[in-house]
Structures are given as C-alpha cells and as structure tokens.
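What follows is a single structure, written as structure tokens, with notes after it.
The values are calculated or read from the model by the stated rules, or taken from the named source; none is laboratory data. Remember, it's a predicted structure, so these values are computed and weren't measured experimentally. Please note: Cβ atoms are built from the backbone with ideal geometry, for glycine as well, and neighbour counts cover all protein chains shown. Remember, those area values only see protein heavy atoms, side chains included, never the ligands or the DNA or RNA. Shrake-Rupley method; radii C 1.70, N 1.55, O 1.52, S 1.80 Å.
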Amino acid sequence: MKIARVEPFHVDWGAGRGRSAWVRIWTDDGAFGLGEASPMVHGNASLEIIASAFAPMLRGADPLQARVLQDRLFHEHIKVGPEGAYAAALAAIDIALWDLKGKALGQPVWRLLGGAWRRELPFYASIGGNGQRSVDEVCKVVEQWLALEPAQVKIRFDANKTARDVDLDGDIAKARAVRKLVGDRFPLAFDSNNGYSVQGAIKVGRALEELGYVWFEEPVQHYHVESFAKVAAALDIAVSAGEQEYTLQGIKRLIEAGVDIVQPDIVKTGGFTGLADMAALARAHGVDLVPHQTQPSIGHTANLHFVASLTHSHHPAEYNGPREVQDVVFRTPVRPVKGKFVLSDAPGLGLELDEAELLKRAVPWTSSARA
Ligand code: CA
C-alpha cells in the first residue's frame with residue numbers, strides 16, 4: 001500500500017460560518033484517511049504547506065509509517081516553521097494517516113493508540129465570550145449549558161490580547177456568580193485568555209482559590225514563560241497553558257516554568273504522534289495533560305480518541321458546543337449523550353462521510369507553486 005494522492009481542501013460551512021481546513025490522503029488501493037488542520041485564518045497557510053511542500057514528499061510513501069513520515073516532513077522545511085501553521089499542517093497529515101491506518105487494519109484509532117483507558121468520555125463545557133457579557137448574562141449562558149450535563153464548566157474571557165487587567169473586579173464578580181449558580185462542589189475552570197499582568201493574575205487567582213476553581217488557564221501572555229513561573233509560584237490553584245505551543249520543546253518550557261496542566265491541541269501539535277510525545281513528557285514530570293480543542297469537526301473526534309487512550313486521565317474533554325452545520329457532512333456525527341461521548345468500534349476515526357453533502361461544500365486548494 002502506497003500513498004497515491006494528498007488532497008488539501010476547504011470545507012465551506014456557508015455564510016459567515018467559516019471554513020475548515022481538511023486533507024484527504026488516498027492510497028493506491030482506493031482507501032483514504034481524513035485529517036484536519038487548525039482553523040485559524042481558515043487554515044489557509046497549512047493547506048498551502050501541505051499542497052506545495054508535503055504532498056510531493058508523501059506520494060509513493062508507506063502510509064502506515066506516520067511517525068517516520070512526520071519526522072521527515074518536520075525537518076525538510078523546518079525554516080517555514082516549526083510552529084503555527086506548519087505544525088498544524090503536520091497535524092492534518094498525521095490525523096489522516098492514523099484514520100487511514102485504522103481503516104486499513106479494521107480497528108478504531110483508540111485501540112491502535114494502545115487501548116482505551118475510558119471509552120465513555122465526560123466533557124467540560126468550554127464557554128467563550130464572557131468578557132463582553134454582564135454577570136447575569138454569563139450566568140444565563142452557563143445555565144443553558146448545564147442542560148447538556150457537562151462534568152465541568154470553564155468560563156473563557158477571550159480578552160483583547162493587546163490590553164491587560166481591563167476589569168479584574170468584574171471578572172472576579174463573574175467567577176463568584178458562576179460558583180453561586182452551580183453550587184460549591186461543581187468543578188469550574190477559569191480562562192483569562194492571556195488577559196492579565198502577573199499582579200493581576202495573582203489577584204484573580206487568589207479569588208479563584210477561595211472559590212474552589214479547579215484550574216486557572218493562560219493567566220498571562222503565552223510567550224512570557226517567566227510570567228507563568230511567577231504566577232504558578234505565587235498561587236496554589238493549578239495553572240494551565242499550552243494551547244499556543246506547537247512543539248515538544250514548547251511544552252517542556254511550560255512544564256519547567258511550573259505550569260501544572262498542559263493543554264496542547266491535536267490540530268496544532270503534530271496530531272496523534274505529536275501529542276503522544278507530549279503526553280509522555282507530561283507523565284514524566286507528573287503534570288496533567290488536558291488537550292485543548294479548537295472544535296473543528298475531524299479534530300474534535302481525533303481528540304476524543306486521544307483522550308480515551310490517555311492512561312490515568314481523569315479530566316473531562318473540552319467541548320464548545322454542537323456545530324449542526326458541520327454535522328451534515330457526516331453520517332455518524334459525534335455528539336454527547338447524557339454528558340458523555342461514547343467511542344465506537346468503527347475503524348479509523350469512525351467518521352462516515354456523506355460524500356454528496358461534502359461535495360456541495362468542498363473547495364479544492366489550488367496553489368500556483370504546486371508541483
Ligand atoms: Ca484557552
């Protein structure tokens with residue numbers, strides 16, 4: 001079995017609802033695997049990297065050698081990366097190769113990863129946009145989410161990354177109101193989205209400790225690793241970060257700074273192969289790995305397979321809501337039932353495409369530089 005074709009393409013979800021960056025890898029015997037890159041700026045840069053740099057290298061290769069292929073791709077054009085869109089392009093290829101491997105062997109990806117620590121995965125509601133909402137509005141949105149029976153709720157502030165400490169007291173008031181709403185024992189997390197100075201973060205972090213929050217995510221700018229060290233040293237609450245890291249070495253720097261929970265994302269960090277290395281690194285340091293999930297469709301399912309395989313993992317998987325518009329291209333969309341995602345035995349990622357629906361939305365990536 002050899003790789004015959006690598007097709008990067010957009011899936012256009014229609015008026016203002018964005019595009020996903022997908023790749024389909026075909027073998028010479030007509031099988032295929034599906035992968036997805038981070039959807040930031042529609043994944044344009046990643047699709048271009050796949051089309052012009054990776055596809056020519058992959059044609060004719062053995063698709064069952066995902067790790068070897070990733071290492072070759074990583075080093076061949078490393079000066080274009082290795083972070084950002086480059087890492088997301090590597091991720092899309094890797095996810096597609098694992099899907100393909102599962103289909104070729106007739107096994108679900110979770111089994112090929114070493115087996116499922118859990119097949120029923122609780123999720124946490126990842127609720128964005130709270131910086132702009134009033135206290136009452138935040139509570140209202142959280143209340144709506146509770147109907148889906150999440151195991152935990154995370155309130156995100158989606159701060160303007162060029163401003164700091166805009167409304168510390170207001171943010172604390174929202175954290176307090178949500179605690180009151182859900183009761184004392186319900187697990188909560190707080191994500192400042194890089195919105196604070198060190199001093200601002202320590203002030204908010206102390207309030208979160210008093211309120212019994214589980215973790216405090218990205219309190220400071222992601223590139224100020226020394227600031228993470230100061231915040232983590234000053235607080236008892238678990239500090240989390242990592243969704244803006246793309247390499248094993250980036251995650252290592254965060255762990256060395258004292259971050260308690262690392263959150264790399266499967267569509268940004270080299271797919272299953274990249275995340276597996278990070279999971280081993282985190283385990284060696286006694287640090288929890290709770291993957292970030294940007295919520296593109298294939299990536300979300302890939303993330304669930306990965307989370308299922310993580311031994312000793314007890315944190316819920318990130319979920320930021322049903323995307324009906326994306327489900328139409330799948331015959332078997334992955335949705336939570338009574339607060340849990342349940343993984344099946346279907347081969348690969350277990351995603352069955354409705355090819356007719358996909359055809360209506362697929363936009364092939366064309367590149368003038370393409371070989
Ligand atoms: Ca986050």
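Which of the following residues is closer than 20 Å to SER367 by Cα and surrounded by fewer than 22 Cβ atoms within 10 Å (Cβ to Cβ): GLY81, GLY18? Give the steps one after another, and end with the answer.
Details: GLY18 fails: closer than 20 Å to SER367 by Cα.
The unique qualifying residue is GLY81.
Suppose we filter VAL290, VAL329, VAL307, VAL325 for residues that are touching a His at 6+ places or on another chain (Cβ under 8 Å), touching a residue at least 40 places away in the same chain (Cβ under 8 Å) and outside the structural domain of VAL23 (by TED's automatic domain parsing); which single one remains?
VAL290
May I ask you to verify whether PRO347 is open to solvent by 40 Å² or more (accessible area, probe 1.4 Å), outside the structural domain of GLY115 (by TED's automatic domain parsing) and touching a residue at least 12 places away in the same chain (Cβ under 8 Å)? Steps first, please.
Details: open to solvent by 40 Å² or more (accessible area, probe 1.4 Å): yes; outside the structural domain of GLY115 (by TED's automatic domain parsing): yes; touching a residue at least 12 places away in the same chain (Cβ under 8 Å): yes.
For PRO347, the condition - open to solvent by 40 Å² or more (accessible area, probe 1.4 Å), outside the structural domain of GLY115 (by TED's automatic domain parsing) and touching a residue at least 12 places away in the same chain (Cβ under 8 Å) - is met.
What are the residues in region 61-78 that are open to solvent by less than 40 Å² (accessible area, probe 1.4 Å) and of a type outside the set (A, V, I, L, M), if any?
Of all residues in region 61-78, those open to solvent by less than 40 Å² (accessible area, probe 1.4 Å) come to 61, 63, 66, 69-70, 73.
Passing the criteria: PRO63, GLN70.
Name the strands (runs of 3 or more DSSP E) wholly within region 108-200 that hold at least 1 residues that are without any contact (Cβ under 8 Å) to a residue 60 or more places away in the chain, within 16 Å of the ligand (Cβ to nearest atom) and under 22 Å from ARG335 (Cβ atoms)? Let's see the steps before the verdict.
Details: elements: 120-127, 152-156, 188-191.
Filter on region 108-200 gives 152-156.
If we keep just the residues of region 258-283 that are in contact with a helix residue (DSSP H, G or I) (Cβ under 9 Å, 6 or more places away or on another chain) and of a type in the set (Gly, Ala, Ser), which is surrounded by the most Cβ atoms within 10 Å (Cβ to Cβ)?
Applying the filter and picking the extreme gives GLY270.
Mind listing just one residue for me: the one in region 21-53 that is among the hydrophobic types (A, V, I, L, M, F, W, C) and closer than 12 Å to ILE298 by Cβ and, of those, surrounded by the most Cβ atoms within 10 Å (Cβ to Cβ)?
So in region 21-53, the residues among the hydrophobic types (A, V, I, L, M, F, W, C) come out as 21-23, 25-26, 31-32, 34, 37, 40-41, 45, 47, 49-51, 53.
Add one more test, that the residue is closer than 12 Å to ILE298 by Cβ, and what stays is 21-23, 34, 37.
Numbers: ALA21: 32, TRP22: 28, VAL23: 31, LEU34: 23, ALA37: 34.
Filtering first and then ranking leaves ALA37.
Out of curiosity, is GLY200 at pLDDT 95 or above, surrounded by 22 or more Cβ atoms within 10 Å (Cβ to Cβ) and in the same structural domain as HIS315 (by TED's automatic domain parsing)?
Working: at pLDDT 95 or above: yes; surrounded by 22 or more Cβ atoms within 10 Å (Cβ to Cβ): no; in the same structural domain as HIS315 (by TED's automatic domain parsing): yes.
Taking the combined requirement at face value, the residue does not satisfy it.
State yes or no: is ASP354 touching a His at 6+ places or on another chain (Cβ under 7 Å), free of Cβ contacts under 8 Å to residues at least 60 places away in the same chain and among the acidic types (Asp, Glu)? Give the derivation first.
Details: touching a His at 6+ places or on another chain (Cβ under 7 Å): no; free of Cβ contacts under 8 Å to residues at least 60 places away in the same chain: yes; among the acidic types (Asp, Glu): yes.
No; evaluated as a whole, the condition is false for this residue.
In a helix (DSSP H, G or I) and either within 14 Å of the ligand (Cβ to nearest atom) or within 13 Å of GLY258 (Cα to Cα) (or both) - does that describe any residue in region 210-226? Spell out the reasoning first.
If we filter region 210-226 for residues that are in a helix (DSSP H, G or I), which is where we start, we get 210, 225-226.
From what is left, the residues that are either within 14 Å of the ligand (Cβ to nearest atom) or within 13 Å of GLY258 (Cα to Cα) (or both) are 225-226.
Yes: region 210-226 contains one or more residues that are in a helix (DSSP H, G or I) and either within 14 Å of the ligand (Cβ to nearest atom) or within 13 Å of GLY258 (Cα to Cα) (or both).
What pairs come up if the first residue lies in region 358-371 and is over 15 Å from VAL329 (Cβ atoms), the second is at pLDDT 85 or above and among the polar types (S, T, N, Q), and their beta carbons are under 6 Å apart, counting only those six or more places apart or on different chains?
Correct list of pairs: SER367/SER52; ALA369/SER52; ARG370/SER52.
Scan region 102-128 for residues that are in contact with a Pro (Cβ under 7 Å, 6 or more places away or on another chain), on the phi < 0 side of the Ramachandran plot and open to solvent by 20 Å² or more (accessible area, probe 1.4 Å) and jot them down.
Answer for region 102-128, where residues must be in contact with a Pro (Cβ under 7 Å, 6 or more places away or on another chain), on the phi < 0 side of the Ramachandran plot and open to solvent by 20 Å² or more (accessible area, probe 1.4 Å): LYS103, GLN107, PRO122.
Hey, does region 360-371 have a residue that's within 15 Å of LEU113 (Cβ to Cβ), crowded, with 16+ Cβ neighbours inside 10 Å and in contact with a strand residue (DSSP E or B) (Cβ under 8 Å, 6 or more places away or on another chain)? If you could, list the steps in order and put the result at the bottom.
Restricting attention to region 360-371, the residues satisfying the condition of being within 15 Å of LEU113 (Cβ to Cβ) are none.
Looking for residues that are within 15 Å of LEU113 (Cβ to Cβ), crowded, with 16+ Cβ neighbours inside 10 Å and in contact with a strand residue (DSSP E or B) (Cβ under 8 Å, 6 or more places away or on another chain), one finds none in region 360-371, hence no.
Considering only region 290-311, I want to know if a residue exists there that is away from the ligand (no atom under 16 Å from the Cβ) and surrounded by fewer than 20 Cβ atoms within 10 Å (Cβ to Cβ).
Within region 290-311, one or more residues are away from the ligand (no atom under 16 Å from the Cβ) and surrounded by fewer than 20 Cβ atoms within 10 Å (Cβ to Cβ).
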